[in-house]
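Q: I'd like to ask you about the structure that follows.
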């Protein structure tokens, strides 16, 4: 017994007190966490909206209904949501947390970043969320998602930022860069809702989950959202370059890589081209492998997309291709993507 008391510090009463203090400390920490989530949720929730959509009638078929989330970011009724929530919408209604329902109009839509801007008209100022920043986020930082999963309105889930700088394939096929990964639970209906920090500031726009996984969810970084939203507000769209090809990434035979001393072992195989597109006018053919564009090596379709920005529209550039084992150069002038 004495040996046991010695190993425990000769003071069983003191040991019990220390355990109790540790338990109290853990409870206090939990209470701080809970209070933070409650505070951020109370700040953000009044600005989160439920969006109900009726799509246009097509090919003799009735339009379909759907719903998602969004958030007000200006008192005069501008709302950010996902493009896939409102794309092809014929009618949209927005419900606020206080029960008020408004008809919404589409201001602009960018499927390539899965972001859209809509607006409602209200006789009074609406509660609006403040933007945070995403360039200084840290892995492990608290992240709180608010939305309407499966129609359960104003659902709050909390977690952490699991990773930064992820890439995500948009519905349009383009790659969205600088995506936030979080384990704050998202489900269908959360799309377009805000991901907020502990101060209730928007740090991301919730957009996607991996169906077969648990705790792997994604949000578009708020810095991307701010840039896209400003463009949509001013012009109603994002201008991007278009050369009119459908392509896939392929490996280049090593003998060809060595013969031409190529900077990469991969390129873009041209599978098809749109009629009268810049690629057709330039002289490209199906089966060509694009290896350079504008003096830059392109080893995959995503790299080409990154080059074909607004600044690329109308700018004559050199495109280098492999046709069989022969290396050739052409000049191409991208148009604006419609």
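Just so it is clear, none of the values below were taken in a lab; they were calculated from the coordinates. Keep in mind the model is a prediction, meaning the values are calculated, not measured. We place every Cβ from the backbone using ideal geometry, glycine too, and count neighbours over all the protein chains shown.
Q: So for the pair residue 57, residue 260, with labels modelled 7 Å out along Cα→Cβ, what separation do we get in nm?
A: 5.3
Q: Could you work out which residue, out of 213, 56, 116, moves most in a Gaussian network model of the chain, that is, has the largest mean-square fluctuation with Cα springs under 10 Å?
A: Sorting by GNM fluctuation, first place goes to 213.
Q: What residue among 222, 120, 205 shows peak mean-square fluctuation when the chain is described by a Gaussian network model with Cα springs under 10 Å?
A: Fluctuation is largest for 120.
Q: Name the most mobile residue of 169, 316, 240, meaning the one with the largest mean-square fluctuation, in a Gaussian network model of the chain with Cα contacts below 10 Å.
A: Its mean-square fluctuation being the largest, the pick is 316.
Q: Please find the FRET efficiency linking residue 93 to residue 38, where r is the Cβ-Cβ separation and R0 is fixed at 30 Å, and quote it to the nearest 0.05.
A: Efficiency computed from Cβ-Cβ geometry: 0.55.
Q: Ignoring everything except DSSP H segments at least 4 long, calculate the 222 nm mean residue ellipticity for the chain; use -39,500 (n - 2.57) per segment, divide by total residues, nearest 500.
A: Numbers: 7 runs with 76 residues, N = 338.
My calculation for the chain gives -7000 deg cm²/dmol from helical runs alone.
Q: Counting only C-alpha contacts under 8 Å and six or more residues apart, can you give the relative contact order of region 204-338 as a whole percent?
A: 23
Q: Take the alpha-carbon centre of region 53-119, take the same for region 155-204, and report the distance between them in whole Å.
A: Their Cα centres are 19 Å away from one another.
Q: Using only the Cα atoms of region 47-120, each taken as one equal point scatterer with no solvent, compute I(q) by the Debye sum, divide by I(0), and report log10 of the ratio at q = 0.19, 0.27 Å⁻¹.
A: So the normalised log intensities are -0.70, -1.27.
Q: Work out, in µm²/s and without decimals, the Stokes-Einstein translational diffusion coefficient of the chain at 37 °C, 0.692 mPa s, Rh from Kirkwood over C-alpha pairs.
A: It diffuses with D of about 143 µm²/s by this estimate.
Q: Take peptides 76-86, 317-327 and line them up by average Cβ neighbours within 10 Å, highest first, as a rough protection proxy.
A: Output ranking for 76-86, 317-327: 76-86, 317-327.
Q: So, one more: For the residue pair residue 306 and residue 121, what label-to-label distance in nm results when each label sits 7 Å from Cα along the Cα-to-beta-carbon direction?
A: About 4.4 nm separates the two model spin labels.
Q: With viscosity set to 1.002 mPa s and temperature to 20 °C, compute the Stokes-Einstein D of region 190-276, Rh being the Kirkwood radius across alpha carbon pairs; µm²/s, no decimals.
A: Once the numbers are plugged in, D ends up at 123 µm²/s.
Q: Moving to a separate point now. Want the number for residue 326 to residue 74: 0.36 nm per residue separation, take away the alpha-carbon distance, what's left?
A: My answer for the length gained is 85.1 nm.
Q: Could you give me the radius of gyration and the Dmax of region 241-336, taking only the C-alpha atoms into account and expressing both in angstrom?
A: In Å, with Rg to one decimal and Dmax whole: 12.3, 37.
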